[in-house]
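Read the structure below first, then the notes.
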Amino acid sequence: MPATSWCAVVAWLVLVVVPAELWAGEARPSLLAALRELQAEGLPVVFSSRVVTPDLVVEVAATSEDPRRRLDELLAPHGLTVREGPGGSLVVVPAAVRLRGAVRSRRGLLPLAGVDVRLLRAGDRLVESETTSDADGRFEIGPVPPGPMLLEARRPGFVVEQREILVRGRNRDREIDLVLTEAPVPEDQIDVTPSRVSLLQDSAAPAVALDHDDVLGLPHLGDDIFRALPLIPGVTATDVSAQPRIRGARRDETQVLLDGQELFEAYHLVDFDNALSIVAPATLDRVDLTLGGFPASFGDRAGAVLDMGTRSPSGPAHLRLGVSLLTLQLDGFGGLGADGGGWLVSLRRGSTDLAEKILKTDQPVYWDGFAKLALVPSPRQALRLHGLYAADRLEVVEIGRDGVKRYNNDYDRQYAWAAHQLTLGPRTLVETILSSSTVDQDRRATEIEDNFSFELRDRSDFDVLGVRQTWSHQLADGELEGGAELRRFQSGFDYRGKIDFEDPLAAIRPDGGHADRAFRQRTTSEHLGLHAGLRATVGPVVTLQPGLRFDRYTLTDEALLSPRLGVALRLGEATIGRLAWGRYYQSQRPYERQVGDGATEIFPAERSEHRVLGVEHRFRGPARLHLRVEAYERRTGNPRPRYENLFEGFNTFPELEPDRVLIEPEESLARGVEIFLRGRAGRRVDGWVSYANATTRDRIAGRWVPRQVEEREALSANLRFDLGARTSLDLAWRYHTGWPITPLTAEVLPGSAGEPSEDDPKLEVGEAEVVPVLGPLNSLRLPPYHRLDLRFRRSWVRPSGKRWEVYLDVQNLYGRRNVDGLDIQIEDDGTVRSQREETTGVFPSIGFRWEL
């Protein structure tokens, strides 16, 4: 798309102006001076500096000749009045105020009617004043005396909202905005999208939903919420990595969003299988994972969507300090006055000692920072400014008799975005997001061993500028939604790598174990996405969600349409059926090329088709059983080639390993059935159990081959014991069948005859050659995987209301040595020796959190 078109689209999308009013005039006298003039005229007016503060000025010139009337004219603009005092004095006091405002939904800032708004406390007195919001979401309560107040807003299907506010006497008609968070399955609306998992929710939710206490209680290393995901059916990850694979898809097929911004690189410790996420869990209040069948508003990723939202800061300022063996974290949040704005800040610094033990490597260093500023320019507008920065460093120097190893790797990720929301009328919301993303990578390494050497210099970067605007309009029986997005990708590679293997295993590599590669290029491309969708209730039983998406990729000159459909059926008072079908496209972004393997070509967008069918049922009874069963199929017709390591899944430089091979599938297919059951056993025990049966396969040379992460059967269970006094104990157990592995043998070929020479006219026979022979790809299985984790958590609340907490986390409680790969050695006589790569045994860790 030419630059002029780009500018035109940007100008059109950002044509939302925040109104401002500027007041200018001559300097006005202070109210204090005006009252003293009245006193000088003999009017017995009495006031205190707490009520008539020095900053108050005369808003309206008093014109009455009567001093008593002039007094009322001066006080009225400031919400002040007078009452008779002793001896006929006139005491200036704050006038009673009326609370007026609007209630909106957080999902679209759309007005909410029928919300019960109650004033629970005014000052030190408990009161009961109640009203209901009208069709435009408006409400009014009062008159009430000024001072601190506690408001509560309730509506079925939404989380109860309580707001502490301070009303001063000068605010005669205080305007208040209340925002309610939708429950994942509102009582008056059916969630159409299947395969959705909600975390960090604090209200009634679908079967696969975890609230704050659930997530904090789950055993997971480093307090990284990404590491809790493998307990969900359909989610797979290694013990080292925090990056999930969803229903057998590649890792890059999951889109990660934070407050509407895509995180193109979302992980720390890139050299160690992306061991931690760059998102601080303390900043989050919503995590939605959609495993398939997602609507048309999501595009350019074909597997799953991990959509996260940060908390909406409000109230007094809070500071929290968290310390664990993995990270040191400081975060804070608070409100900005009475307008509903707020700030949120988080800083984290990695602790390297634990990482060294877990990752079995030298000390990596990592840190990140996040900031959010929320502003409310007017009752119908909201502006949010975000910034996220993350960095990693790895330096290794080892020189000894066995060889030389030098690594110097740097990674930087920077995201900045601004989101503006505007309500046009009572039912229409417009949201505009401007974003800038920068990711830099600099890897420099040298390694020399007896049978192997390499040199690497890999400098790459990419920048993404984006603008997106979405419109949503609330209908009487549904919602109409649409939007446009334009992103410009600029990426650069400066790669030089040289490898030489004497290891016989390297013969399975496409380059035979010897390569000298250089690639240098800068690429600019653009992606335009348009989408439209409708959610409509058809009678009391059926809810439909059709959608259509258009994507235009300039790099491959493709224009693609993606129709999608979701259907929800209310099959009874406690049963909902869901089905989804859709076409999904995923482009290969310029920075996603596997340049280290020599792959510099850009392939056309992959085309996938999703089919999902599920049912959800709530059982009656004290156990509160909640069941969800889903069946799914994802078929990809043109998967692009990829490079994988056959035997060792965890490597600092995977493209430089001897077991690197090229996988060229003709088609991919994932199918499975997932069952999730949650319930309680009495007042102090609850938990869940899940089961998944799945196949994930590629068709290669006409034969269906399992993918490396195929888990034919997976079972997980979690039990929580409420021990009272803010103490809990969680036990989490996981099991899955072993991952596929490829059999390997070796042949010894006799040496070939050499050429005769003048010095030696006889033919010489060369040395025998050891040749690795691969069996059918991924036709064997590693042993089954299982482990039990524990987390003990205890918190205390001080009289001031602040709290502190300690937790003990024990990974792999019974010391299971799970196998996650093989270290292959081929001897000169053709003997293949394989040593199991095993995970860490029992691993305890401890952490603390304080509210400062």
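The values are calculated or read from the model by the stated rules, or taken from the named source; none is laboratory data. Keep in mind it's a predicted model, so treat the numbers as computed, not measured. Methodologically, a virtual Cβ is constructed for each residue, glycine included, from the backbone with ideal geometry; neighbour enumeration extends over all protein chains shown.
For residues in region 674-690 being under 11 Å from residue 623 (Cβ atoms) and of a type in the set (Lys, Arg), which is nearest to the chain's Cα centre (by Cα)? Here the answer is 678. Looking only at region 228-249, residues that are more than 20 Å from residue 217 (Cβ to Cβ), under 16 Å from the mean Cα position of the chain (by Cα) and outside any loop (DSSP other than H, G, I, E, B) come to 2 in all. Candidates are the residues of region 808-837 that are among the charged types (D, E, K, R) and assigned to a strand (DSSP E or B); the one that is nearest to residue 848 (Cα to Cα) is 809.
On the stretch given as region 427-444, residues that are crowded, with 17+ Cβ neighbours inside 10 Å, more than 20 Å from residue 312 (Cα to Cα) and modelled with pLDDT under 95 total 1. Determine if region 757-770 includes at least one residue that is among the β-branched types (Val, Ile, Thr), part of a loop (DSSP other than H, G, I, E, B) and modelled with pLDDT of 85 or more. No, because not a single residue in region 757-770 is among the β-branched types (Val, Ile, Thr), part of a loop (DSSP other than H, G, I, E, B) and modelled with pLDDT of 85 or more. Return only the number of the condition from (1) in contact (Cβ under 8 Å) with a residue 60 or more places away in the chain; (2) under 30 Å from residue 769 (Cα atoms); (3) surrounded by fewer than 17 Cβ atoms within 10 Å (Cβ to Cβ) that residue 475 does not satisfy. Every condition holds for residue 475 apart from (2).
You will find that of 519, 550, the residue that is of a type in the set (A, V, I, L, M, F, W, C), within 30 Å of residue 458 (Cα to Cα) and assigned by TED's automatic domain parsing to the domain that holds residue 644 is 519 and no other. Of all residue pairs spaced 6 or more apart or on separate chains, those with beta-carbon atoms under 6 Å, a first member in region 399-413 that is more than 28 Å from residue 461 (Cα to Cα) and a second member that is charged (D, E, K, R) and part of a strand (DSSP E or B) are 403/449. Kindly establish whether residue 109 is crowded, with 19+ Cβ neighbours inside 10 Å and modelled with pLDDT of 80 or more. No; evaluated as a whole, the condition is false for this residue.
Exactly one residue out of 240, 287, 256 is touching a helix residue (DSSP H, G or I) at 6+ places or on another chain (Cβ under 8 Å), surrounded by fewer than 24 Cβ atoms within 10 Å (Cβ to Cβ) and within 30 Å of residue 549 (Cβ to Cβ): that is 287. Among the residues of region 238-254, those that are among the hydroxyl-bearing types (Ser, Thr, Tyr) and within 21 Å of residue 787 (Cβ to Cβ) comprise 238, 241. Scanning region 422-453 for residues that are among the acidic types (Asp, Glu) and part of a strand (DSSP E or B), we see that the one that is farthest from the chain's Cα centre (by Cα) is 449.
Of all positions in region 589-598, none carries a residue that is in a strand (DSSP E or B) and either among the acidic types (Asp, Glu) or over 30 Å from residue 509 (Cβ atoms) (or both). Filtering region 467-479 to residues that are farther than 14 Å from residue 431 by Cα and part of a strand (DSSP E or B) leaves 474, 475, 478, 479. Can you tell me which residue is nearest to residue 781 (Cα to Cα) among those in region 634-660 that are polar (S, T, N, Q) and surrounded by 17 or more Cβ atoms within 10 Å (Cβ to Cβ)? Checking each candidate, the answer is 645.
Within region 695-716, being surrounded by 18 or more Cβ atoms within 10 Å (Cβ to Cβ) and closer than 17 Å to residue 644 by Cα holds for 696, 697, 698, 705, 706, 707, 708, 709, 710. Residues of region 647-662 that are of a type in the set (Phe, Trp, Tyr) and either over 23 Å from residue 701 (Cα atoms) or touching a helix residue (DSSP H, G or I) at 6+ places or on another chain (Cβ under 7 Å) (or both): 650, 653. Assessment of region 464-484 against the conditions (touching a Gly at 6+ places or on another chain (Cβ under 6 Å) and over 30 Å from residue 134 (Cα atoms)) yields no matching residue. Pairs linking a residue in region 679-704 that is part of a loop (DSSP other than H, G, I, E, B) to a residue that is surrounded by 14 or more Cβ atoms within 10 Å (Cβ to Cβ), with Cβ atoms under 7 Å and 6 or more positions apart or on different chains, are 684/721; 684/722. In region 227-241, the residues that are closer than 16 Å to residue 275 by Cα reach residues that are of a type in the set (Lys, Arg) with C-beta atoms within less than 7 angstrom, at least six apart or across chains, in these pairs: 230/734; 236/245; 237/245.
Scanning region 57-98 for residues that are in contact with a Ser or Thr (Cβ under 9 Å, 6 or more places away or on another chain) and in contact (Cβ under 8 Å) with a residue 60 or more places away in the chain, we see that the one that is surrounded by the most Cβ atoms within 10 Å (Cβ to Cβ) is 94.
Summed over region 454-472, the residues that are surrounded by fewer than 17 Cβ atoms within 10 Å (Cβ to Cβ) and either more than 31 Å from the chain's Cα centre (by Cα) or small (Gly, Ala, Ser) (or both) give a count of 1.
Give the residues of region 808-852 that are under 20 Å from residue 775 (Cα atoms), touching a Lys or Arg at 6+ places or on another chain (Cβ under 9 Å) and small (Gly, Ala, Ser), sorted by residue number. Selection gives 821 alone. Listed by first and then second residue, the pairs with beta-carbon distance under 7 Å, at least 6 apart or on different chains, first residue in region 590-609 and among the hydroxyl-bearing types (Ser, Thr, Tyr), second in a loop (DSSP other than H, G, I, E, B) and surrounded by 16 or more Cβ atoms within 10 Å (Cβ to Cβ), are 600/593; 608/302.
Checking 794, 836 one by one, the residue that is over 24 Å from residue 708 (Cβ atoms), surrounded by fewer than 19 Cβ atoms within 10 Å (Cβ to Cβ) and assigned by TED's automatic domain parsing to the domain that holds residue 507 is 794 and no other.
Is it true that some residue in region 618-641 is under 27 Å from the mean Cα position of the chain (by Cα) and either closer than 26 Å to residue 443 by Cβ or outside the structural domain of residue 512 (by TED's automatic domain parsing) (or both)? Yes, some residue in region 618-641 is under 27 Å from the mean Cα position of the chain (by Cα) and either closer than 26 Å to residue 443 by Cβ or outside the structural domain of residue 512 (by TED's automatic domain parsing) (or both). For the criterion of being assigned by TED's automatic domain parsing to the domain that holds residue 525, crowded, with 21+ Cβ neighbours inside 10 Å and more than 29 Å from residue 681 (Cβ to Cβ), residue 589 passes.
Note on region 291-351: enclosed strands (runs of 3 or more DSSP E) holding 1 or more residues that are of a type in the set (Phe, Trp, Tyr) and in the same structural domain as residue 579 (by TED's automatic domain parsing) are 327-336, 341-350. Restricting attention to region 724-744, the residues being at pLDDT 95 or above, of a type outside the set (A, V, I, L, M) and out of contact with any helix residue (DSSP H, G or I) (no Cβ under 8 Å at 6 or more places or on another chain) number 9.
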